Amino acid sequence: MGNAESEKNLKCAIIINNMINGVIIKKLMKNEDPRGWLAEFYRSDEVNFKPAMGYISLTKPGVARGPHEHKFQSDAFIFMGPGNFELHLWDNRKDSSSKDEYFKVEVGENNPILIIVPPGVVHGYKCVGEVDGACINLPDKLYRGVGKKEEVDEIRWEQEAGSPYKIK
């Protein structure tokens, strides 16, 4: 799905442009009041994406997760805080018009977003704040399939000595 098509699938959302086709980035708005804040991060009427599961991770300051990619799975990451991250994306899809493009953006508490990363886009993030950073993921495939009986759908680039994908 190209960016023009992706943008058509998002209704009533603020799109952040990026150079990688098929990646959707939605700016999230915190609605604050005296009690705190509330933010919608996923609506099925805004994006053509159906999560299969969800999880949250906490990353220590200075620590990176990834980079890795999936063959079949899309990830829908929500970076709301606490914490801030450098998010890195590389297009590794052979037939993509944005093949070999690299995109980096700071996200999290200071720039809350939802980002949908399609299969074949290498991705990873590093906690760059001084506090632990939280990230929610709503992937469209079950981890290891139904009953956790399948192989993990990941190519772990961070484990490859000569990897062209580095998070510093």
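The values are calculated or read from the model by the stated rules, or taken from the named source; none is laboratory data. Fair warning: this is a prediction, and the values are worked out from it, not measured in the lab. For neighbour counting, all protein chains shown are included, and Cβ atoms are generated from backbone atoms with ideal geometry for every residue, glycine included.
Summary of values
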read-out	value
Condition check for Ser97: more than 12 Å from the chain's Cα centre (by Cα) and outside any loop (DSSP other than H, G, I, E, B)	no
Entirely in region 1-72, the strands (runs of 3 or more DSSP E) that have 3 or more residues that are of a type outside the set (Ser, Thr, Tyr) and either over 13 Å from the mean Cα position of the chain (by Cα) or modelled with pLDDT under 95 (or both)	24-27, 31-33, 36-38
Residue selected from region 59-79 under the condition surrounded by 21 or more Cβ atoms within 10 Å (Cβ to Cβ) and among the hydrophobic types (A, V, I, L, M, F, W, C), by the criterion nearest to Glu40 (Cα to Cα)	Ile78
Positions within region 110-148 being at pLDDT 95 or above, among the basic types (Lys, Arg) and assigned to a loop (DSSP other than H, G, I, E, B), in sequence order	Lys141
Restricting region 100-152 to residues that are small (Gly, Ala, Ser) and more than 16 Å from the chain's Cα centre (by Cα), the residue that is nearest to Ala52 (Cα to Cα)	Gly145
Per-region count, region 149-168, residues free of Cβ contacts under 8 Å to residues at least 40 places away in the same chain and either assigned to a helix (DSSP H, G or I) or crowded, with 17+ Cβ neighbours inside 10 Å (or both)	1
